[in-house]
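Student: This is the structure I want to talk about, given as C-alpha cells.
Since every read-out is calculated from the coordinates, none of them should be taken as a lab result. All of these numbers come straight from a predicted model, not from anything done at the bench. Here the Cβ positions follow ideal geometry from the backbone for every residue, glycine too, while neighbour counts run over all protein chains shown.
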C-alpha cells in the first residue's frame, strides 16, 4: 500500500484518524499473514538513501493478530511523521518460537567462546540477535513462497510470471512500488524457468506500506 504523505496543515486528531484508517486498510488486506509469531520491520532501503544492506530502523515481534495490528499502527505512525522514505515489511511466514529458543541458546553457548569484545557485543545486542535467530529460514513455521516481480518497460513481466506459475498454488498477488509480489503455496519450483525480472524468495518479506 502506498501511504499518503503527512499534511502538516491537518490537526493532530485528523492525523491520528488517518493513521487508524491506513492501519485498518493494511491489516485487512494482509490479515491472512498476521497470526502467530511474526516480525515487523521499518526499513530505509539503500536505493532510497539507506545503508548498503538497508537500514532496519525498527524490528518488532508480534505473537498474534491483535498484537500485529497494534505494532503495525506504531510503524504506520512513525512512517507518516518521518521525512525518511521508510517502508513497512513483515515476515511472510509464521515463525517457530520454540525452535528459535533452542537456536538462540545454541548461539548463546557459542558466544562463551568469543573473545571478550565479541561476547560483550552479543549480549549488548541481544534483542537483535534473537530476532536474527527468529528470522532464520529454518525457523519458519509455514512455508509460503514469494515471487518478486519487477516492472520493466516494454515487457509484461507480471504476465510472463503468471504464465509459468501454477495458478492453483497462488494465494495472493499485490502491487509494490516497482512491480508485484506473488505469494504461493509451496510447490516444486525447480521445474520452472522464471522470466528475467522475477526473483524467487523461499522465505521473503511482505511489503505492507511504502
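Student: Sorted by packing (mean other beta-carbon atoms within 10 Å per residue), highest first, where do 138-146, 111-119, 27-35, 193-201 land?
Tutor: Going by the mean number of other Cβ atoms within 10 Å, highest first, we get 138-146, 27-35, 193-201, 111-119.
Student: Moving on. Within region 163-182, list the residues whose amide N lies under 17 Å from a label point set 7 Å along Cα→Cβ of residue 192.
Tutor: 163-175, 180-182
Student: Using the basic label-point model (7 angstrom from Cα toward the beta carbon), what is the residue 28 to residue 84 distance in nanometres?
Tutor: The answer from the label model is 3.1 nm.
Student: Based on alpha-carbon centroids, what's the gap between region 174-210 and region 127-157 in Å, whole number please?
Tutor: One Cα centre to the other: 8 Å.
Student: Which length gain, in nm to one decimal place, applies between residue 20 and residue 47 when the Cα-Cα distance is subtracted from 0.36 nm times their residue separation?
Tutor: 6.8 nm
Student: May I ask you to list the residues of region 19-62 whose amide nitrogen lies under 20 Å from a point 7 Å from Cα along the Cα→beta-carbon direction of residue 173?
Tutor: 29-33
Student: Let me ask something additional. Report the semi-axes of the equivalent ellipsoid for the chain in whole Å, largest first, where each axis is √(5λ) for an eigenvalue λ of the Cα gyration tensor.
Tutor: Each semi-axis is the square root of five times an eigenvalue, giving 29, 26, 17 Å.
Student: Please report, in whole Å, how far the alpha carbons of region 105-210 spread along each principal axis, starting with the longest.
Tutor: Per principal axis, max minus min of the Cα coordinates gives 55, 28, 22 Å.
Student: At a Förster distance of 25 Å, what's the computed FRET efficiency of residue 108 paired with residue 141, Cβ-Cβ distance as r, to 0.05?
Tutor: My answer for the efficiency is 0.70.
Student: Per DSSP H run of at least 4 residues, take -39500 (n - 2.57); add these up for the chain, divide by its residues and hand me the 222 nm value, nearest 500 deg cm²/dmol.
Tutor: So the helix-based figure for the chain works out to -11500 deg cm²/dmol.
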